[in-house]
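The block underneath contains the structure these notes are about, expressed in structure tokens.
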Number of protein chains: 2
Amino acid sequence: MSTIPDIKDFRLAYLFRDLDRALLAQIAARACWRELDAGETLFAKNDPGKWFFLVKTGTMKLYLLAEEGQEHVLELVGREHLFAEAVMFMGGRYAVHAAALEPTRLIAFDADFFLGLLRSNADLCLALLADMSRRVHSLVTEIDRLTLQTGEQRFVQYLLAQPAQKISGTRMVRLPASKQTIASLLGITPETLSRILSRLRDQGVIQVNAETIVVLKPDAFTRIS
Amino acid sequence: MSTIPDIKDFRLAYLFRDLDRALLAQIAARACWRELDAGETLFAKNDPGKWFFLVKTGTMKLYLLAEEGQEHVLELVGREHLFAEAVMFMGGRYAVHAAALEPTRLIAFDADFFLGLLRSNADLCLALLADMSRRVHSLVTEIDRLTLQTGEQRFVQYLLAQPAQKISGTRMVRLPASKQTIASLLGITPETLSRILSRLRDQGVIQVNAETIVVLKPDAFTRIS
DNA sequence: ATGGTTGTTTGATTTAGATCAAGGTGGCAA
DNA sequence: TTGCCACCTTGATCTAAATCAAACAACCAT
């Protein structure tokens with residue numbers, strides 16, 4: 001799998017829409033595939049690096065570590081999403097740790113080359129600025145969640161924000177990671193998440209089956225948050 | 001004070017360094033002064049707006065409100081710092097509330113005009129991208145702080161991050177806002193902050209005198225965090 | 001199958017911090 | 001001076017969630 005990625009593998013990602021084929025071809029020529037096993041680390045915080053990435057299959061976990069080694073998950077990155085774009089402006093060092101949660105295929109883009117493109121392509125710059133603005137905005141609301149809401153409220157909001165399959169007034173959600181990981185993302189312990197789940201189950205608003213959760217009363221649910 | 005701001009009033013701000021005089025003059029021609037009384041609101045979250053701002057004197061408070069009306073301060077913006085640049089990419093709506101903590105003078109920049117400049121000026125784009133990266137990075141560490149540390153640790157880190165006057169091994173810090181505001185910024189209640197302060201005072205590591213705090217043992221202090 | 005490893009649940013206990021409540025303190029205006 | 005108001009402090013109580021501990025389930029590799 002050391003072939004050069006094809007344009008159609010990444011042209012639909014937000015950042016690359018509206019770019020012309022010639023430019024996409026240039027980008028493709030400097031990009032390469034990267035495969036990770038489940039649990040494999042891609043980079044650590046402060047590692048020097050000159051790539052940013054697009055997830056094609058699988059899920060990446062971005063996280064920080066406290067001194068005592070406990071990790072806090074900041075973000076789960078799924079299919080067709082970019083991560084680590086900021087490495088281009090952070091002096092070539094990653095600001096977080098990144099590891100695969102399952103077997104994962106990525107496209108790696110050359111940061112220096114891309115930075116050069118930015119210099120001569122205003123549309124690309126604006127697309128990236130819009131991308132960063134979205135990220136800033138989501139981080140701000142994340143901070144808000146962490147300070148103003150209880151663990152249960154945060155879980156409910158998280159669940160409602162997840163993509164769901166809708167069946168006759170109910171929503172079926174597939175958790176994109178283990179419950180410990182979700183707990184870390186929500187800033188709570190696995191035990192607390194487990195208790196939140198059983199409380200909501202007892203109240204009859206959700207059904208839990210391994211990583212699949214059915215929201216029986218989305219409206220009652222919305223009221224909690 | 002409805003005169004056009006002079007280039008020298010803003011040329012030192014991070015974003016504007018390295019820009020040539022002609023460009024700065026164009027920017028100045030579309031900018032204007034804005035004055036706020038203590039406590040005055042500049043904009044509310046979701047307000048449509050087409051300006052972003054530079055603080056020349058005073059302090060701005062950026063915050064969010066929960067349904068019950070309680071506010072959470074996200075950031076205090078002091079002299080020579082920009083805020084609300086993201087309005088250019090957020091569809092012309094502000095993502096937070098902004099109010100002055102004291103009498104404050106701002107320079108307001110025209111977002112649409114600036115967006116136009118970005119389209120034709122790669123250096124400006126890159127400067128703004130670097131600015132946004134810094135912001136993303138500080139938000140990420142902020143999230144980290146909120147989830148992995150106690151209120152006391154957060155306060156200590158905050159205090160050490162503040163600009164200080166150093167006198168014979170001690171640091172003197174002037175809090176940039178009332179203690180309730182600082183408490184909100186740290187994600188704790190005013191009562192808890194008050195208790196943290198008296199605890200540290202009893203331990204003999206700080207001296208508190210109204211909004212002035214002297215860190216007597218910066219090294220012992222660093223160990224707490 | 002068997003054991004080992006990892007993730008999940010449940011219960012008992014502890015704790016940081018919120019909440020409720022009551023006094024201080026200081027600045028400012030009449 | 002007096003009173004008012006906003007801010008800060010201190011104390012008592014309450015609570016969400018962490019921690020500690022143990023059992024349990026699921027999955028994999030030998």
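Per the conditions (1) within 16 Å of DNA strand C (Cβ to nearest atom); (2) under 14 Å from the mean Cα position of the chain (by Cα), the sole criterion not satisfied by B:Leu146 is (2). For the stretch B:180-213, give me each residue that is more than 15 Å from DNA strand C (Cβ to nearest atom) and within 22 Å of the chain's Cα centre (by Cα). B:Ile213, the sole residue that qualifies.
Does B:Gln157 count as within 16 Å of DNA strand D (Cβ to nearest atom) and either surrounded by fewer than 20 Cβ atoms within 10 Å (Cβ to Cβ) or on the phi > 0 side of the Ramachandran plot (or both)? It is false that B:Gln157 is within 16 Å of DNA strand D (Cβ to nearest atom) and either surrounded by fewer than 20 Cβ atoms within 10 Å (Cβ to Cβ) or on the phi > 0 side of the Ramachandran plot (or both). Identify all residues within the stretch B:171-183 that are touching a Pro at 6+ places or on another chain (Cβ under 7 Å) and over 13 Å from B:Ala210 (Cβ atoms); write none if there are none. Correct list: B:Arg171, B:Gln180, B:Ala183. Count of the stretch A:201-218 residues, restricted to those that are away from DNA strand D (no atom under 16 Å from the Cβ) and either of a type in the set (Phe, Trp, Tyr) or open to solvent by 40 Å² or more (accessible area, probe 1.4 Å) (or both), is 2. If you check A:Lys61, A:Lys50 for being at pLDDT 95 or above, open to solvent by 50 Å² or more (accessible area, probe 1.4 Å) and out of contact with any Pro (no Cβ under 7 Å at 6 or more places or on another chain), only one passes: A:Lys50. Among the residues making up the stretch B:68-91, those that are within 12 Å of chain A (Cβ to nearest Cβ) and not hydrophobic (A, V, I, L, M, F, W, C) are B:Glu68, B:Gly69, B:Gln70, B:Glu71, B:His72, B:Glu75, B:Glu85, B:Gly91.
When restricted to residues that are part of a helix (DSSP H, G or I) and within 23 Å of B:Val140 (Cα to Cα), the stretch A:100-125 contains 3.
For the stretch B:64-75, how many residues meet the condition of being under 11 Å from the mean Cα position of the chain (by Cα) and open to solvent by 10 Å² or more (accessible area, probe 1.4 Å)?
2
Here A:Ala95 fulfils each of the conditions (1) assigned to a helix (DSSP H, G or I); (2) at the interface with another protein chain (Cβ under 8 Å from one of its Cβ atoms) apart from (1). Out of A:Leu117, A:Leu146, one residue alone is open to solvent by less than 40 Å² (accessible area, probe 1.4 Å) and either within 8 Å of another protein chain (Cβ to nearest Cβ) or modelled with pLDDT of 95 or more (or both). It is A:Leu146.
Cβ separations smaller than 7 Å between residues 6+ apart or across chains give the following pairs from the stretch B:175-203 residues that are within 14 Å of chain A (Cβ to nearest Cβ) to residues that are part of a loop (DSSP other than H, G, I, E, B) and within 13 Å of DNA strand C (Cβ to nearest atom): B:Ala183/B:Thr189. Applying the condition of being more than 7 Å from chain A (Cβ to nearest Cβ) and free of Cβ contacts under 8 Å to residues at least 60 places away in the same chain to the stretch B:120-143 and asking which residue is surrounded by the most Cβ atoms within 10 Å (Cβ to Cβ) yields B:Arg134. The number of residues in the stretch B:8-63 being within 14 Å of the chain's Cα centre (by Cα) and among the basic types (Lys, Arg) comes to 2.
The values are calculated or read from the model by the stated rules, or taken from the named source; none is laboratory data. Since the model is a prediction, treat every value here as computed from it, not as a measurement. When we count neighbours, we look across all protein chains shown, and the Cβ atoms used for this are built from the backbone with ideal geometry, even at glycine. Only protein heavy atoms, including side chains, enter the accessible area calculation; ligands, DNA and RNA are left aside. Shrake-Rupley method; radii C 1.70, N 1.55, O 1.52, S 1.80 Å.
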